[in-house]
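Read the structure below first, then the notes.
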Amino acid sequence: MSVAEYLSGEEQSEVRHEYIGGSVYAMAGGSEEHCTITGNLFAALHAHLRGQRCRAFVADMKVRLVLRGEEVFYYPDVVVACDPRDTDRYFKRYPQVLIEVLSDSTERIDRREKRWSYLQMESLEEYVLVAQDYWEVTVYRRGHEWAPEILASPDSVLTLPSLEFSVPLSAIYEGLARV
């Protein structure tokens, strides 16, 4: 499938698909925990970024990469884009922050394939992985040679220096009784 066919199909599809070098993969829907965490993070980022050049997007914004000459489109759970070159309505090429909420079916891909892919992006400053079944947030930062920082208690604070943004883990997991 060509990129043009993929992008055209995504505009009309009720199901989201990721695109990797000509192959298309359907994405499953998220759990209540996944949606709550994603919503909490997006709400905090959206409020923080109001009036600034950066914008936060949730769930339906694709990120476009070119890896080894192959085009790839992923759907991160939260995307923050700040680069004025990002003018496409349906995907971002220059994200500054990417966040993935982990699930049993996506954790391996998010921790390995997507992490490797995202860290190749020149614009990316922070990549964040958020567990949904227990208190754990892993942050990879460009300025720290992509070494992981693991936050695992309710009074820990997720800090994204590139956005001058901080949020306590208690706010990320707010509304979840089973975590």
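Every read-out reported here was derived from the displayed coordinates using simple, explicitly stated rules and does not represent laboratory data. In this text the structure is predicted, and so the values were computed from the model without any measurement. Note: ideal-geometry Cβ built from the backbone for every residue, glycine included; neighbour counts use all protein chains shown.
Report the Rg/Rh value for region 23-92, based on alpha-carbon coordinates and the Kirkwood definition of Rh.
Values: Rg = 13.6 Å, Rh = 13.5 Å.
Rounded to two decimals, Rg/Rh equals 1.01.
Could you list the chymotrypsin sites (Phe, Trp or Tyr not before Pro) in region 89-133 that lie in coil according to DSSP, counting only those with at most 15 other Cβ atoms within 10 Å of their Cβ? Before the final figure, lay out the partial values.
On the way: sites: 90, 91, 116, 118, 127; in loops: 90.
Sites meeting the loop and neighbour criteria: 90.
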### Message
For the chain, what does the helix formula give at 222 nm: sum of -39500 (n - 2.57) over DSSP H segments with n ≥ 4, over the residue count, nearest 500 deg cm²/dmol?
### Response
-5500 deg cm²/dmol
#### Entry: residue 13-residue 119 pseudo-label distance in nm [points 7 Å out on the Cα-to-Cβ vector]
2.8
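Work out, step by step, the length gained on full extension between residue 159 and residue 83: first 0.36 nm times the residue separation, then minus their alpha carbon distance; give nm to one decimal. List each step's numbers first, then the result.
Details: separation 76, 0.36 × 76 = 27.36 nm, distance 2.04 nm.
Going from the current span to full extension adds 25.3 nm.
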#### Entry: Along principal axes, Cα extents of region 67-120, largest first, whole Å
35, 25, 17
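Once the other residues with Cβ under 12 Å from the Cβ of residue 125 are scored (Lys, Arg +1; Asp, Glu -1), what is the net sum? Could you put the intermediate results ahead of the total?
Details: positive: 141, 142; negative: 83, 122, 126, 164.
Around residue 125, the surrounding residues sum to -2.
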### Task
Check the cysteines of the chain one by one and keep only those with no other cysteine Cβ under 4.7 Å from their own.
35
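As an exercise, identify the trypsin sites (Lys or Arg not before Pro) in region 7-58 lying in DSSP coil whose Cβ has no more than 14 other Cβ atoms within 10 Å.
Values: sites: 16, 50, 53, 55; in loops: 16, 50, 53.
Loop-located and lightly packed - 50, 53.
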#### Entry: Acute angle (nearest 10 degrees) that the helix 3-12 long axis makes with the longest principal axis of the chain, alpha-carbon atoms
60
### Task
Work out how far the C-alpha atoms of region 26-179 reach from end to end along every principal axis, then list the three figures in whole Å, largest first.
43, 35, 30
